[in-house]
1. To make sure I understand the rule: partners must be aspartates and glutamates, Cα under 19 Å from the Cα of Lys109, and not fewer than 8 residues away in the same chain. Which ones qualify?
2. Quick check on packing: order 124-137, 175-188, 62-75, 96-109 by the mean number of other C-beta atoms within 10 Å, highest mean leading.
3. Please give the calculated 222 nm ellipticity per residue for the chain, where each DSSP H segment of at least 4 residues contributes -39500 (n - 2.57) and the sum is spread over every residue; nearest 500 deg cm²/dmol?
4. Once Lys and Arg get +1 and Asp and Glu get -1 on their Cβ, which of Ile70, His144, Ile130 lies farthest toward the positive end of the dipole of the chain?
5. Output wanted: per-residue J couplings in Hz (rounded whole) for the range 94-102, from phi through Karplus 6.51 cos²θ - 1.76 cosθ + 1.60, θ = phi - 60°, x for Gly and Pro.
6. Rounded to the nearest 20 debye, what is the charge dipole size of the chain about its Cα centre when +1 sits on each Lys and Arg Cβ and -1 on each Asp and Glu Cβ?
7. If you place +1 on the Cβ of every Lys and Arg, -1 on the Cβ of every Asp and Glu, and leave all else neutral, what size is the dipole of the range 128-191 about its Cα centre, to the nearest 20 Debye?
8. Taking a threshold of 18 Å on the Cα-Cα distance, which of the pairs Lys44/Lys114; Lys69/Lys173; Lys121/Lys147; Lys114/Lys147 fall above it?
Amino acid sequence: MDRVKGYYQWRNLPHFDYEGLLQMITYRLDDALPKETLNRFFSKNESNLKIRSAIETHLDNNHGSCILKIPIIANMVIGNWQHFDNQTYDLVAYVVMPNHVHILIKVYKNISLKSIVHSWKSYTSNQFKICLNQTDVQIPIIPHWQKDYWDRYIRDEDHLVSAINYIHSNPTKVGLCTKDEDWPYSSKFTN
């Protein structure tokens, strides 16, 4: 396991890695955001919040292979998160979108956020091909996860409520369903 690092910069993104924090994490498939588009966002010399907003808008337009909307893949990603719930973190809220994910966890003591996200990505990337072989979907090049991730620590109760609402309403906001609880790849989903 990587050690807990506190605040640090890795690649283009800042990270805040402290044990015991509630963290909202977003990561995407590597084909969801072309490198040219990403470079254009970062070349504008804007704040991280403006860059993140531009990236989120782009992702919500469902660019790339969008393999995460395939039920067997979406459920595998969720199952992986649930596997480590109550072991290295508490799983608070999540949503699997067609080309990216949002998850909110409370990180346990002596566990680095970077190692948690790495374990999720490593396992699920290795499972993509296996899952796709069980479907009729033909993907010429199987995507992997982007190398980095966005994290945002939750500052207070209002921020927590706002983050959970953002996660659960993302599919509704972009027109994937009409009610938050109808999106099957969300912690808000009700059968």
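Where a number appears in this text, it was derived from the coordinates with a stated rule and is not lab data. Source: prediction; values computed, not measured. Neighbour counts run over all protein chains shown; Cβ positions are idealised from the backbone, glycine included.
1. Of all the aspartates and glutamates, those that pass the test against Lys109 - Cα under 19 Å, at least 8 places apart if same chain - are Asp2, Asp17, Glu19, Asp85, Asp90, Asp151.
2. 96-109, 62-75, 175-188, 124-137
3. That comes out to -12500 deg cm²/dmol.
4. Result: His144.
5. Those phi angles translate into 7, 8, 9, 8, x, 10, 7, 9, 10 Hz.
6. Computed about the Cα centre, the dipole is about 480 debye.
7. Dipole of the range 128-191, to the nearest 20 debye: 240 debye.
8. Violating the 18 Å Cα-Cα cut-off are Lys44/Lys114.
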